[in-house]
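Heads up: the structure comes next, in structure tokens.
The values are calculated or read from the model by the stated rules, or taken from the named source; none is laboratory data. The model shown is predicted, which means the values in this text are computed figures rather than measured ones. Every residue, glycine among them, receives a Cβ derived from its backbone with ideal geometry; neighbour counts consider all protein chains shown.
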Amino acid sequence: MHTDLLAAGLIEDPYVDQNESSTHWIGECDWWYETVFTLDDSALAHDRLDLCFEGLDTAAEVFLNDQSIGRAENMHLRYRFDAKRWATAGDNRLAIRFASPVRYALEMEQRVGPRPGIGAGANPRQLPHHMIRKMACNFGWDWGPQLPTSGIWRPWAVEAWSHARLGDIRPAVTRADESNAHLRISVGGESQEATETSPSSGLRLRAVLSGPAGGVVAEQIADWRADGCLFEMDIDDPERWWPRGYGKQPRYTLEVYLLDASGQQIDYRSHRVGLRTSELRIAPDSSASSEDDRKNLPGGLTTGESFTLVINDQPVFCKGANWIPDDCFPHRVTPERYRERIEQAAEANMNMLRVWGGGLYEDHAFFETCDELGVLVWQDFLFACACYPEEQPLWDLVEAEARDNVARLSRHPSLVLWNGCNENIWGTFDWPAFGDIRTAGKETWGLGYYLDLLPRVIEDLAATTPYWPGSPFSGSMDRHPNANEYGNRHIWDVWNGHGNYHNYLTHFPRFASEFGFQGPPTWPTIEASIPKAQRQWLSDASRHHNKQIDGQQRALDRIADAFDVPDDFDDQWFLASVNQARALTMGCEWFRAMSPWCSGTLYWQLNDCWPVTSWAAVDGQGRPKLAWYATQRFFRPRLLTLMPDAVVESRGVPQALAAYLHNDHEQSWRDRLTISACDLTGGTVDEFTADIDVPARSVQRVDLPSSWFPEMLNRSDRVVFAQTARGEIQDRAWWFPEFDRDIAYPSPRFTTRLERDSAGGQTLYVKSQGLVRELCLQIDRLDPEARVDTQLWNLLPGESAVFRISSMHRYLEDTLADPTILRSVNHLVDPAPTALFRDAVTSR
Ligand code: BMA
């Protein structure tokens, strides 16, 4: 509705300035959509004529030629209404009335009784998003505006058919060894005749499986059955589907034909199928988890259970981020836009996305792209941050929705894990807003969905895909759901609590499925959404475009952890962006250092749904933030890091550092490692070298000389870095012992060289005279569509950064070398140090 009002010029763009505030009436209204479509006699000659809606948002009544033919009340459910009786040859009038989603939710709350729920962040009203089966974040989230809309959000069609039609096809891979795979294909559908009792209706199914390069691999015929048909296929020497970084993504083609008694084809489907198995391996750490087993892990770990995703019997370290709806109005997300966003995840070396429970069961276009690129998908069922009532009609709506979406999506090889809810179990343990609902036992709050209904649906319809009740969850209601030692964790006490991102070092999750740090959108996105006069950090418009309560102030506080906060908005923007990149680096590198104790790190969040300061790495207009460039580095298959040698005690400082070499690669990593301590002129203070041979898919820890500590950790005129003989400048690991305000960075001095190649490409080489930190080329200041391939270079004196520019425009070297375009932390820090020694990294 909002987008139609916008197209009709009746409202201002709610993404710009504070226009959103004047649109709240839209969600309070009922709306009608009407159209006329034509049918010819051949359509009407069929036994059935259905009006099929892939998505109605949300409480709708459908009228055909003024007759009510059906009602809908779940945005996430496909509806099919038999319309034969009311359809006529020629013009037919279709009208849909959408009831106000705000009113629906409030009325449902009255009907089933209120339950606690949070989520709206700084939005003006906390609406009960858990009282309606509609995308929760449409009611506002701590990164999303409050734009509860109505409308036809996915395609609709008239389907005319006789005898029978095909429904969802669910190919399940029950085995995928090197030599043989087994595919169990369930074919759903519907028929007019009572074929269950008279299987002699003569209808037949033919299933054909072709190999990735074409050529039939298996072909089978079966009698049609109204209650579903099953094909079992064995495939020798299968070409298996792998997550990216672990192998290729070959896909077979599965074709299913529905034939009538005379052998005529009456329905047909074709899907691309990947041969892979998926397993969530949960095993207790052996009591013999000796020092030796853990010699490559940071010290200080306790014991618990593994939480490892295993694809084709191969444990996978999951690297990625959380996915939210890419637009508040998801019908605007085209297949091209899905592709662009998922390619951004892949280019940042991610191999997994978690589709978060306050959003959507995503479109096939999303999953198709993930299938093609080998990006694993963890799909939440749609429950987030609330106590969900289990009373009718909600229970049945949830069951129908779960069955519908599992049946719709299970064919995608990328979909490897279903998850019950986002934070709803955790909330009942820790959140004051949830009160004592779990222990009081008086009201339902959703546990019946997570522990009973949803696992049953998975068992029925997608038994080969693992299910896990919650993010976070520890495997048993007797354990704290957000424990380090079990299951998966959300780590929010850093951004929301102890602030300074060094506190990630106090955590040791088995799988970090959420943790995040805010940063502003890119500069052109700010220009497109915040009017010039409002471009100050705490202006009304800037605060409006940060939906966390006090989010903008918090981002400033986080700058203040390390820097003297500059007065200028642009400087604040740069430091907040750098801070986000550093924080995600710290978290992800630390969790990778703990592999295989930890088997995944998904940060919050990949994308945004509008222009906003949030935890996203790609902003609301699709532009990569500095955090995205950092991700490219910290998720590369081979990663060298400098990290504490042991889990850091609560709010403490590391006692000593180690180098960790994470080799997420199928070949071993042989190289020569050099670790250097230098002063701020780049002069070497001490150095030590070691030969390394890191086996495939493992981490090796190399301790730094104990004589370096504690001195090397509390001198602001020292920098430690590690590199390998074959590594490049950007593969280097760095440890700056003190915060920036205490570091006397040299003034930035560069010589530049711009090269143009015959294809029009431009490359800027920037040679730094002194040590420089986080050097960036802000090319999108010159053209919002221009990009560079890398950012955030740390350079030793005399070294060069290389920026490959992609842009429609030609630039002058002087333009690029201007300090508003070529920027680093050195540009922003007062070179006079204020203090040389500090006790603890977290003391400020
Ligand atoms: C977690 C998520 C989201 C939220 C994010 C940032 O709670 O599951 O609900 O947006 O943190 O606060």
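Any residue at all in segment 137-158 that's closer than 26 Å to LEU259 by Cβ, touching a residue at least 12 places away in the same chain (Cβ under 8 Å) and touching a Cys at 6+ places or on another chain (Cβ under 9 Å)?
Yes, some residue in segment 137-158 is closer than 26 Å to LEU259 by Cβ, touching a residue at least 12 places away in the same chain (Cβ under 8 Å) and touching a Cys at 6+ places or on another chain (Cβ under 9 Å).
Which one is farthest from SER614 (Cα to Cα) among residues in segment 324-361 that are β-branched (Val, Ile, Thr) and within 16 Å of the ligand (Cβ to nearest atom)?
Checked segment 324-361; the qualifying residue farthest from SER614 (Cα to Cα) is VAL355.
Which one of the conditions (1) touching a Gly at 6+ places or on another chain (Cβ under 8 Å); (2) at pLDDT below 95; (3) farther than 28 Å from GLY683 by Cα does THR820 fail to meet, given that it meets all the rest?
Against the list (1) touching a Gly at 6+ places or on another chain (Cβ under 8 Å); (2) at pLDDT below 95; (3) farther than 28 Å from GLY683 by Cα, THR820 comes up short only on (1).
Looking only at segment 95-120, filter to residues that are surrounded by fewer than 19 Cβ atoms within 10 Å (Cβ to Cβ) and assigned to a strand (DSSP E or B); which one of those is nearest to the ligand (Cβ to nearest atom)?
ARG97
Would you check which residues across segment 706-723 are out of contact with any Gly (no Cβ under 9 Å at 6 or more places or on another chain) and in a strand (DSSP E or B) and list them?
Those that are out of contact with any Gly (no Cβ under 9 Å at 6 or more places or on another chain) and in a strand (DSSP E or B): VAL720, PHE721, ALA722, GLN723.
Would you tally the residues in segment 353-374 being farther than 21 Å from GLY55 by Cα, part of a loop (DSSP other than H, G, I, E, B) and among the charged types (D, E, K, R)?
Count: 0.
Which one of the conditions (1) among the acidic types (Asp, Glu); (2) within 30 Å of THR525 (Cβ to Cβ); (3) surrounded by fewer than 21 Cβ atoms within 10 Å (Cβ to Cβ) does GLU61 fail to meet, given that it meets all the rest?
For GLU61, the failing item is (2).
If you check every pair at least six apart or on different chains, which have Cβ atoms under 8 Å apart with a residue in segment 502-518 that is closer than 18 Å to ALA555 by Cα first and a residue that is within 16 Å of the ligand (Cβ to nearest atom) and acidic (Asp, Glu) second?
Close Cβ pairs (under 8 Å, with a partner that is within 16 Å of the ligand (Cβ to nearest atom) and acidic (Asp, Glu)) amount to ASN503/ASP493.
Sort out which residues of segment 234-268 are buried (at least 17 other Cβ atoms within 10 Å of the Cβ) and more than 24 Å from the chain's Cα centre (by Cα), and write them in order of number.
Selection gives ILE235, PRO238, GLU239, ARG240, TYR252, LEU254, VAL256, TYR257, LEU258, LEU259, ASP260, ASP267.
Given the criteria among the hydroxyl-bearing types (Ser, Thr, Tyr) and either more than 16 Å from the ligand (Cβ to nearest atom) or under 30 Å from ALA658 (Cα atoms) (or both), does SER614 qualify?
Here the answer is no, as SER614 does not meet what is asked.
Could we say that PHE563 is within 16 Å of LEU538 (Cα to Cα) and among the aromatic types (Phe, Trp, Tyr) here?
Against the criterion (within 16 Å of LEU538 (Cα to Cα) and among the aromatic types (Phe, Trp, Tyr)), PHE563 does not qualify.
Take ARG276 and decide whether it is away from the ligand (no atom under 16 Å from the Cβ), under 28 Å from ASP363 (Cα atoms) and part of a strand (DSSP E or B).
no
Do any residues in segment 419-446 that are touching a residue at least 60 places away in the same chain (Cβ under 8 Å) have Cβ atoms under 8 Å from those of residues that are among the β-branched types (Val, Ile, Thr) and in a helix (DSSP H, G or I), where the two are at least six apart or on different chains, and which pairs are they?
So the pair list comes out as PHE434/THR428; ILE437/THR428; GLU443/ILE437; TRP445/THR428; TRP445/ILE437.
Filter segment 121-134 down to the residues that are surrounded by 24 or more Cβ atoms within 10 Å (Cβ to Cβ) and within 13 Å of the ligand (Cβ to nearest atom), then identify the one that is nearest to TYR388 (Cα to Cα).
Going through the qualifying residues, I end up with HIS130.
Among ALA400, ALA321, which is modelled with pLDDT of 95 or more, among the aliphatic types (A, V, I, L, M) and within 16 Å of the ligand (Cβ to nearest atom)?
It is ALA321.
Answer yes or no as to whether LEU816 is outside any loop (DSSP other than H, G, I, E, B) and farther than 30 Å from ALA656 by Cβ.
Judged against the criteria, LEU816 is a match.
Being touching a strand residue (DSSP E or B) at 6+ places or on another chain (Cβ under 6 Å) and of a type in the set (A, V, I, L, M) narrows it down to one residue among LEU415, LEU453; which is it?
Only one candidate qualifies: LEU415.
Residues that are in contact (Cβ under 8 Å) with a residue 60 or more places away in the chain and more than 21 Å from LEU584 (Cβ to Cβ): does segment 349-357 have at least one?
Scanning segment 349-357, I find at least one residue that is in contact (Cβ under 8 Å) with a residue 60 or more places away in the chain and more than 21 Å from LEU584 (Cβ to Cβ), so the answer is yes.
What's the number of the only condition in (1) touching an Asp or Glu at 6+ places or on another chain (Cβ under 8 Å); (2) surrounded by 22 or more Cβ atoms within 10 Å (Cβ to Cβ) that ALA407 fails to meet?
It fails just one condition, (2).
Just to check your reading of the model, which residue among ALA95, ALA89 is touching a residue at least 60 places away in the same chain (Cβ under 8 Å) and more than 22 Å from GLU190 (Cβ to Cβ)?
ALA95
For LEU6, which of the numbered conditions (1) in contact (Cβ under 8 Å) with a residue 12 or more places away in the chain; (2) not β-branched (Val, Ile, Thr); (3) not in a loop (DSSP other than H, G, I, E, B) fails to hold?
Just one mismatch for LEU6, condition (1).
Within segment 26-37, can one find any residue that is of a type in the set (Asp, Glu) and part of a helix (DSSP H, G or I)?
Yes, segment 26-37 has at least one match.
For segment 468-577, which fully contained helices (runs of 4 or more DSSP H) count at least 3 residues that are among the aliphatic types (A, V, I, L, M) and away from the ligand (no atom under 15 Å from the Cβ)?
551-562
Could you list, in sequence order, the residues of segment 733-777 that are out of contact with any strand residue (DSSP E or B) (no Cβ under 8 Å at 6 or more places or on another chain), of a type outside the set (S, T, N, Q) and without any contact (Cβ under 8 Å) to a residue 60 or more places away in the chain?
Matches in segment 733-777: ALA759, GLY760.
So GLY215 fits all but one of (1) over 26 Å from HIS364 (Cα atoms); (2) loosely packed, with under 13 Cβ neighbours inside 10 Å; what number is the exception?
Exception for GLY215: condition (1).
With (1) under 30 Å from GLN126 (Cα atoms); (2) aliphatic (A, V, I, L, M); (3) crowded, with 24+ Cβ neighbours inside 10 Å as the list, and LEU394 as the residue in question, which single condition is left unmet?
Unmet for LEU394, out of (1) under 30 Å from GLN126 (Cα atoms); (2) aliphatic (A, V, I, L, M); (3) crowded, with 24+ Cβ neighbours inside 10 Å: (3).
Which condition from (1) within 16 Å of the ligand (Cβ to nearest atom); (2) more than 17 Å from TRP734 (Cβ to Cβ) is the one that PHE591 breaks?
All conditions are met except number (1).
Please find, among SER162, SER186, SER191, SER198, the residue that is surrounded by 18 or more Cβ atoms within 10 Å (Cβ to Cβ) and modelled with pLDDT under 95.
Only one candidate passes the filter, namely SER191.
From the list ILE282, ILE266, pick out the single residue that is touching a His at 6+ places or on another chain (Cβ under 8 Å) and touching a residue at least 12 places away in the same chain (Cβ under 8 Å).
ILE266
If you go through segment 9-25 one residue at a time, how many are free of Cβ contacts under 8 Å to residues at least 12 places away in the same chain and not in a loop (DSSP other than H, G, I, E, B)?
Counting residues in segment 9-25 that are free of Cβ contacts under 8 Å to residues at least 12 places away in the same chain and not in a loop (DSSP other than H, G, I, E, B) gives 3.
Go through the residues of segment 445-456 one by one and say whether even a single one is outside any helix (DSSP H, G or I), modelled with pLDDT of 95 or more and within 16 Å of the ligand (Cβ to nearest atom).
yes
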